[in-house]
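Working notes, structure below.
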Amino acid sequence: MLKPLGNINKTDPAELTKLKKRTGVAAVIVLGVVTILVFWLWHLQIHQGDEFLQRSENNRIRVLQLAAPRGDLLDRNGEIIITNRPRFNVIWVRENASHPDEVIKQLANLIDLDISTLLDRIRTGADQPRFIPIRLKEDIDWPTLVRIENNSFNLPGVQVEVQPIRNYLHGNLASHLIGYLGEISRQELNKRRGDGYLMGDLIGKKGIERVFESYLRGERGRRYIEVDVRGFTQKQLQVIEPLPGNDLQLSLDLDVQKAAEESLKGQAGAVVVMEVNSGRLLALASAPHLPLEKFIDGISSSAWQALLADQRAPLLNKPVQGQYAPGSTFKIITAIAALEEGVIAPETTFACGGSILFGGRRYHCWRPEGHGNVDLIKAMAVSCSVYFYQVGQLLGVDTIARYARKLGLGRRTGVILENERAGLVPTAAWKLQRHREPWQDGETMSMAIGQGFNLSTPLQIARMTAAVANGGRLYRPMLVTAVRDPDGNIIHEFSPKLEEEIKSIRPQTWQLLRESLEAAVMREQATGRAARLKGVAVAGKTGTAQVVGRALIKDLEKDEIPRHLRNHAWFTAYAPAEAPEVVVTVLVEHGGGGGSVAAPIARDVLASYFRQKTRFTDHPLPTN
């Protein structure tokens, strides 16, 4: 018989209850933790599974943006003025750079750029996602490209992109008209949010490039590549080629534009060439030109300051933004007003003795000895100011102003270029409001010959001249004739726009005026005789616009007058005189006499136009 073991302690019921409670709490905690883990796994795997899958793929697959070539610019005959060329840029993807300081230091030596300059560019893109490339240097040469490729293993995140940029086949030809590109600013990027622009993109800043940006820019492409953990390319997966922008066919004639700019070489001024019966602009030249290439990568501060400091104002698009006293070209307006108001007849004459005394002041003609008795045709041919002084007094300021506005002066022409100026046609009410002084009769005499408060742009004078040539039709100046897609199909065509037809002026007035303008070139004593072409009759009007009063320079010889005090030289003409086709208007700043300086330029430009016409019509070739 077994002996009983020692006493066995019985469990305390209170202790057992306490243990059960602790076990229950632990079980609840464990169950809660397991529940949270299960829920979190569900959230990551199911709810956010697609997002994390995409992130995972992005770690392996990189999407590179491919810039689209901008559309070409062509002249009216289909000759290319501007196209594109490839350039190689150094870019950096920070996401792939494990030791950025070492990369920057080594890269600075390879691309011959200061570290401080590199850091400035990096800071510019610092607020962008790390996978978006930052452009560090543009348009590297071939040796630099080779050095980067040879050291690519030590440059994680550094790549070379190919970007299409403008290729100016004719240098700075038509620079103000075409405009320039520049890197998109942060303000522009915010304004165009949603249009697909990225930091570093080039965008039109001025001229045609800016106005037709939406047509020209194209649609970017994409390249999908597989990369390793260091960001080095393993293989290419897919390429979606960029869609080039649309081409613009301009109304410009390449050779006529070249002739206009060559004729202005070394001068400051403008040349406008316009079709009489359509408003198409065949040339729009402004001198000095803009350095287009310098703007692409961002013009340097020193170069920009040099442009600002240049007294010849190269930043001004002078055909549409330059405002000048029209000088004797305004006598066309005075003549129309006088004939229509009946204050003169074709045979009315006035005596010119070289000056006229009015209100205690002497008003001079350009010829000190005078022109004798002159009628309208002779007055226009020899540009007699005394004749038009007296006609102006018969008309009054407000009547002259009314006819000036009918011919398009004092208002914008509607050309598509930005910041066109309206000029100024003064009236008595305008002076009272602006200067708080009444109009003086002597000011009417100055106005009648295009001096005083009068201001016009060369484009306004060209359109006025075309209206005289075609019998009173004012066309909107036209620069773009068609937009073509990359396959050459026309997607938008622009037609000439007749904005106004002046029916209130009698046909006989137009006819007499055209006879007067032909005499102003073709007569023996004509001030515009330097514009004559062999085989083509030219009609036109010279103008010499004073910059300062005669008294200030009366004691100086012509060559002693400082350039900035010399007169502006004008000449506006159309040809052929008997069947007008084309208008040429020339303005040379501080050039001197219109007949001696501006008229020969118009002759050369007209000769170029008729040579171009010969190329396509086999007409006889005119010579100077």
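Arrange ILE148, ILE333 by Cβ neighbour counts within 10 Å, fewest through most, would you? Spell out each step's value before the answer.
Numbers: ILE148 20, ILE333 27.
Ordered from fewest to most neighbouring Cβ atoms within 10 Å, ILE148, ILE333 come out as ILE148, ILE333.
If neighbour count is taken as other Cβ atoms inside 10 Å, put ILE461, ILE400 in order from fewest to most. Write out the running numbers ahead of the final one.
On the way: ILE461 33, ILE400 26.
Result, fewest neighbours first: ILE400, ILE461.
Under the rule of at least 5 residues apart or a separate chain, name every residue whose amide H is placed under 5 Å from the amide H of HIS492.
VAL483
Please give the charge dipole size of the chain, origin at the Cα centre, charges +1 on K and R Cβ atoms and -1 on D and E Cβ atoms. Round to the nearest 20 debye.
Dipole size: approximately 1460 debye.
Quick check: the distance between the Cα centres of segment 201-220 and segment 441-498, to the nearest angstrom?
Between the Cα centres of segment 201-220 and segment 441-498 lies a distance of 25 Å.
Given H placed on each backbone N at 1.01 Å, which residues far from CYS352 in sequence or on other chains put an amide H within less than 5 Å of it?
HIS371, GLY372, ASN373, VAL374
Would you mind checking which residues have amide H under 5 Å from GLU499's amide H? H placed 1.01 Å from N; only 5 or more apart, or other chain.
HN-HN under 5 Å from GLU499: LEU474, TYR475, ARG476.
Sort PHE295, PHE153, PHE388, PHE571 so that the residue with the fewest other Cβ atoms within 10 Å of its own Cβ comes first and the one with the most comes last.
PHE153, PHE295, PHE388, PHE571
Structure shown: which of LYS265/LYS331; LYS137/LYS294; LYS137/LYS235 lie over 20 Å apart, alpha-carbon to alpha-carbon?
Flagged as over cut-off: LYS265/LYS331; LYS137/LYS235.
May I ask you to list the lysines whose Cα is less than 28 Å away from that of LYS21, ignoring any residue fewer than eight positions away on the same chain?
Straight-distance partners of LYS21: LYS10.
Give the separation of the Cα centroids, segment 573-607 to segment 345-392, in Å.
24 Å
Within the chain, which complete DSSP H helices have Cα atoms spanning at least 20 Å along the helix axis and a mean Kyte-Doolittle hydropathy of 0.0 or higher?
The answer, listed by residue number, is 13-42.
For LYS105, give me every one of the aspartates and glutamates with a C-alpha distance below 19 angstrom, ignoring sequence neighbours fewer than eight places off in its own chain.
Within the straight-line limit of under 19 Å, LYS105 reaches these aspartates and glutamates: GLU95, ASP114, ASP120, GLU138, GLU149.
Which pairs break 29 Å Cα to Cα here: LYS318/LYS497; LYS406/LYS613; LYS431/LYS497? Each step should come with its number before you reach the end.
Details: LYS318/LYS497 23 Å; LYS406/LYS613 32 Å; LYS431/LYS497 34 Å.
Checking Cα-Cα distances, LYS406/LYS613; LYS431/LYS497 exceed 29 Å.
Tell me which label goes with the value of Rg and Dmax of the Cα atoms in Å computed from the coordinates here: (i) 27.1, 92; (ii) 37.2, 169; (iii) 38.4, 170.
Given (i) 27.1, 92; (ii) 37.2, 169; (iii) 38.4, 170, the calculated one carries the label (ii).
Output the antiparallel fraction of DSSP beta bridges having both residues in the chain, as a percent to the nearest 5. Don't skip to the answer; put the middle values down first.
Values: 80 of 83 bridges.
The antiparallel proportion sits near 95 percent.
Every number in this text was worked out from the coordinates using simple rules, so none of it is lab data. What you see is a predicted model, and the numbers here were worked out from it, not measured in a lab. Quick reminder, even Gly has a Cβ in these numbers, built from the backbone with ideal geometry, and neighbours come from all protein chains shown.
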